[in-house]
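Chemist: Pasting a structure here, questions to come.
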Amino acid sequence: MKKIVLAAFLFVSTISTNVLADIKMGIILGFTGPIESLTPAMAASAELAFKEASDSGSLLGGQKISVERADSTCVDSAAATTAAEGLVSGGVVAIMGADCSGVTGAIATNVAVPNGVVMISPSATSPGLTDLADNGFFFRTAPSDARGGQILADITKDRKVKSIAVTHTNNDYGKGLADVYVAAVKAHGINVTVVTAHEEGKGDYGAEVATLASAGGDALAVLGYLDQAGGSIIQGSLDSGSFDRFVLSDGMIGDSLTDRFGKDLNKSFGSLPGSTGKGAGVFAKVAKAAGIDSSGPYTGESYDAAALITLAMQAGGKADRATIQANVMSVANAPGKKIYPGQLGKALDLLAKGKAINYEGATAVEFTDVGEAFGSFLEKEIKGGKFKTKKQR
């Protein structure tokens, strides 16, 4: 009898342990570094999707997700790799992130792919990542700069810029975007007076500003990060009177820039991935209800990245790494019922019944055959010292 009771107790204990065990997810973003003002809203948006799936009660029969954050720094590949190793050794089944292209490639190559862990980046845009040897484990809800650079060049032409100086951050993101942008503006007949690289984290950018000022131009294109070098180069350019009009890449667009310079940037403009479609409007309402400001860069993409991870698990019926990898593409693309932010419970129920879904999300998700978003872009301009959306491109 004692053996029967003990066996029953162990059986119940095992069941209870399995039911209570959370599904571990990782979020790795640059909580410190040159885009640290952007990442809190990105992380909160991803966590909103994970919470929505957990709270629905429909995820794999009522399982819950727990999230562990890690710091990519955006620019230090060694630190980012170490942080990602901590997430993987801790048992996460997937990673929402990373953010900046260089650290994202390093994490994918050195940590995620060797360990069979899916990464979905909301913001890594380097064209070089398209051909990453990822064995199908790397995805991104942000489109490549191969298109983004062309869009920014088109906007530059449309705004009647005739000559331009270009500075870019000296990493995969900056170099890849600069190559595309410079070629595209030259094709539009715009004179490129100089192209220079800058390093992040320096105390003084006087030499860089002097080089750019000497070359001159109607505007200065700053392809970098708003919280470090990019912002400092704009400061130096304004102080010296060398430029008062700036063309801004996606990494330069955020409230911390306009909070710093206000109306001094009123003639400036830029672009970043985004949409004015149905999903974007729905996400804005869902995020606002959760106390999240969704107006910043890559918040919708972050929500979508996390949502795709949860839906892929449900489609495959398991909370494991291989299942997520095998099912991301099927839930992201047609055919199937269109799913928008706030409808993850509905999507999970449909998948549980064996029905197909087509996750549109906040950013009209549609993946190419290598798992990156086709994407649309928002033309941004600064008016009254604030970023405004002019239109979708």
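Chemist: Can you tell me the orientation of helix 299-316 relative to the chain, as the angle in degrees between its alpha-carbon axis and the longest Cα principal axis, to the nearest 10?
Modeler: 30
Chemist: Once each part is reduced to its C-alpha centroid, what is the distance from the range 66-118 to the range 303-352 in angstrom?
Modeler: 22
Chemist: For an R0 of 41 angstrom, estimate the FRET efficiency from the Cβ-Cβ distance between Lys318 and Lys162 and round to the nearest 0.05.
Modeler: FRET efficiency, Lys318 to Lys162: 0.10.
Chemist: In terms of modelled amide H atoms, which long-range or inter-chain residues lie less than 5 Å from the amide H of Ile23?
Modeler: Close amide H contacts, sequence-distant or interchain: Lys64, Ile65, Ser66.
Chemist: Would you mind getting me the FRET efficiency between Ala21 and Gln235? Use the beta-carbon distance for r and R0 = 51 Å, nearest 0.05.
Modeler: It comes out at approximately 0.50.
Chemist: For the range 251-256, what does the Karplus curve 6.51 cos²θ - 1.76 cosθ + 1.60, with θ = phi - 60°, yield as ³J(HN,Hα) per residue in whole Hz, taken in order and with x for Gly and Pro?
Modeler: x, 9, 9, x, 4, 5
Chemist: Project the alpha carbons of the range 317-392 onto their principal axes and report the range along each, largest first, in whole Å.
Modeler: Result, largest extent first: 51, 27, 23 Å.
Chemist: Whole-Hz Karplus ³J(HN,Hα) for the range 155-163, in order, using 6.51 cos²θ - 1.76 cosθ + 1.60 and θ = phi - 60°, x for Gly and Pro?
Modeler: With coefficients 6.51, -1.76 and 1.60, one gets 5, 4, 5, 5, 9, 6, 6, 9, 9 Hz.
Chemist: Right, something else. Give a quick list of chymotrypsin sites (Phe, Trp or Tyr not before Pro) in the range 328-393 that DSSP marks as loop, anything other than H, G, I, E or B, with at most 14 other Cβ atoms within 10 Å.
Modeler: Here the chymotrypsin sites (Phe, Trp or Tyr not before Pro) that fit, given the DSSP loop and packing criteria, are Phe374.
Chemist: For Ala219, what charge total do you get from the other residues with a beta carbon under 11 Å from its beta carbon, if Lys and Arg give +1 and Asp and Glu give -1? Present the calculation step by step, with values, prior to reporting the outcome.
Modeler: Numbers: positive: Arg159, Lys160, Lys162, Arg245, Lys267; negative: Asp218, Asp244.
Around Ala219, the surrounding residues sum to +3.
Chemist: Okay, moving on. Tabulate in residue order the Karplus-calculated ³J(HN,Hα) for the range 237-243, using 6.51 cos²θ - 1.76 cosθ + 1.60 with θ = phi - 60°, rounded to whole Hz; enter x for Gly and Pro.
Modeler: Values, residue by residue: 5, 5, 4, 8, x, 7, 9 Hz.
Chemist: Quote the relative contact order of the chain in percent (integer), defining contacts as alpha-carbon pairs under 8 Å separated by 6+ residues. Can you show the working numbers first?
Modeler: Details: 918 pairs, mean separation 71.8, N = 393.
The normalised contact order for the chain reaches 18 percent.
Chemist: Now for a separate question. Calculate, in whole percent, how much of the Cα-Cα pair population of the chain lies beyond 34 Å.
Modeler: Every Cα pair in the chain considered, those over 34 Å come to 29 percent.
Chemist: Right, next: Let me check I've understood the local charge: for Asn358, count other residues with C-beta under 15 angstrom from its C-beta, Lys and Arg +1, Asp and Glu -1. What total comes out?
Modeler: +2
Chemist: To make sure I understand, if each residue's beta carbon is the centre and we count other beta carbons within 10 Å, what order do Tyr340, Tyr298 fall in, fewest to most?
Modeler: Tyr340, Tyr298
Chemist: Under a Cβ-Cβ cut-off of 10 Å, what is the net charge of the residues other than Ser56 that fall near it, where Lys and Arg count +1 and Asp and Glu count -1? Spell out each step's value before the answer.
Modeler: On the way: positive: Lys51, Lys346; negative: Glu52, Asp55, Asp349.
Once all neighbours under 10 Å are counted, the net charge is -1.
Chemist: Sticking with this structure for a sec: Given 4 °C and 1.567 mPa s, how large is the Stokes-Einstein diffusion coefficient of the range 202-331 in µm²/s, with Rh as the Kirkwood radius over Cα pairs?
Modeler: 74
Chemist: Once amide H atoms are placed 1.01 Å from N in the peptide plane, what residues at a sequence separation of 5 or more from Val194, or on another chain, have their amide H within under 5 Å of its amide H?
Modeler: Residues meeting the criterion, in which the H sits 1.01 Å from N, are Val166.
Chemist: By a straight-distance test (C-alpha under 17 Å), which lysines pair with Lys285 as possible cross-link partners, with residues fewer than eight away in the same chain excluded?
Modeler: Partners within reach: Lys51.
Chemist: Please enumerate, by chain and number, the lysines with C-alpha under 24 Å from the C-alpha of Lys267, excluding those fewer than 8 residues away in the same chain.
Modeler: In chain and number order, the partners are Lys157, Lys160, Lys162, Lys186, Lys380, Lys383, Lys386, Lys388, Lys390, Lys391.
Chemist: Then there's this: Hey, what number do you get for the chain at 222 nm if only DSSP H runs of n ≥ 4 count, each worth -39500 (n - 2.57), divided across all residues, to the nearest 500?
Modeler: My calculation for the chain gives -13500 deg cm²/dmol from helical runs alone.
Chemist: Further, regarding this structure: Taking only the C-alpha atoms, wrap a convex hull around the range 76-171 and report its volume per residue in Å³ as a whole number.
Modeler: Spelled out: Cα convex hull of the range 76-171, divided by residues, is 93 Å³.
Chemist: Next question, about the same structure. DSSP beta bridges in the chain, what fraction antiparallel, as a percent rounded to 5?
Modeler: Expressed as a percentage, antiparallel bridges in the chain total about 25.
Rule-based calculations on the coordinates, nothing more; no lab input. Computed from a predicted model, the values in this text were never measured in an experiment. Cβ atoms come from the backbone with ideal geometry, glycine included; neighbour counts cover every protein chain shown.
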